[in-house]
Amino acid sequence: MTGPAPGVDAAIEGELRLLDPLVRASADLLDQVLHPDYREVDTTGRHWDRDTIIDLLVSGRAPAPGRLTASRMRGVHLADGLVHLTFDTEARNKRAHRSSLWRLTRAGWLLYYHQATPFELSPGPSAAPGPPTGRPSG
């Protein structure tokens, strides 16, 4: 059995860097990780572009989430130069399912798109997400 593709490893490393408060507070470090055409949809549904999110993060105006922890991180190599990551985060009892697209550029692997969807743990044996509701399965 083979391990993850190098692009998946690079994307996971980049995603974990973005959880570091020192990286999130530095325009220079964010510049090394975010693609020039970066876009984000946050947990409230608000859309962000690269310049706006960098300004918000480094200005100190962004809500401080506290210590973010990531779990269930998985990556898939979709095509040459394109990796999709999915994972969950938790901070201060707030959880989000996250999805990121990473693109290979001359500068290396950069985060191109990110979306976060809040969720609550459901009672029962597993908190794993199930099939979408309201749609037939199969």
For residues in segment 3-41 being without any contact (Cβ under 8 Å) to a residue 40 or more places away in the chain and buried (at least 18 other Cβ atoms within 10 Å of the Cβ), which is nearest to L82 (Cα to Cα)? L30
Residue among A96, A27, A62 that alone is modelled with pLDDT under 90 and out of contact with any Phe, Trp or Tyr (no Cβ under 9 Å at 6 or more places or on another chain): A62
Could you check how many residues of segment 21-71 are touching a strand residue (DSSP E or B) at 6+ places or on another chain (Cβ under 8 Å) and among the charged types (D, E, K, R)? 7
Can you tell me how many residues in segment 105-121 are in a strand (DSSP E or B) and either of a type in the set (S, T, Y) or over 14 Å from L85 (Cα atoms) (or both)? 7
Subset of segment 84-114 that is over 16 Å from D31 (Cα atoms), among the polar types (S, T, N, Q) and in contact (Cβ under 8 Å) with a residue 60 or more places away in the chain - its residue that is surrounded by the fewest Cβ atoms within 10 Å (Cβ to Cβ): T89
Please find, within segment 65-101, the residue that is farthest from the chain's Cα centre (by Cα) out of those that are among the charged types (D, E, K, R) and more than 19 Å from Y112 (Cα to Cα). R92
From the set of residues in segment 42-64 that are within 17 Å of Q115 (Cβ to Cβ) and polar (S, T, N, Q), which is surrounded by the fewest Cβ atoms within 10 Å (Cβ to Cβ)? T44
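The values are calculated or read from the model by the stated rules, or taken from the named source; none is laboratory data. The structure presented is a predicted model; accordingly, all values stated were derived computationally and were not measured. Reconstructed Cβ throughout: ideal geometry from the backbone, glycine too, with neighbour counts over all protein chains shown.
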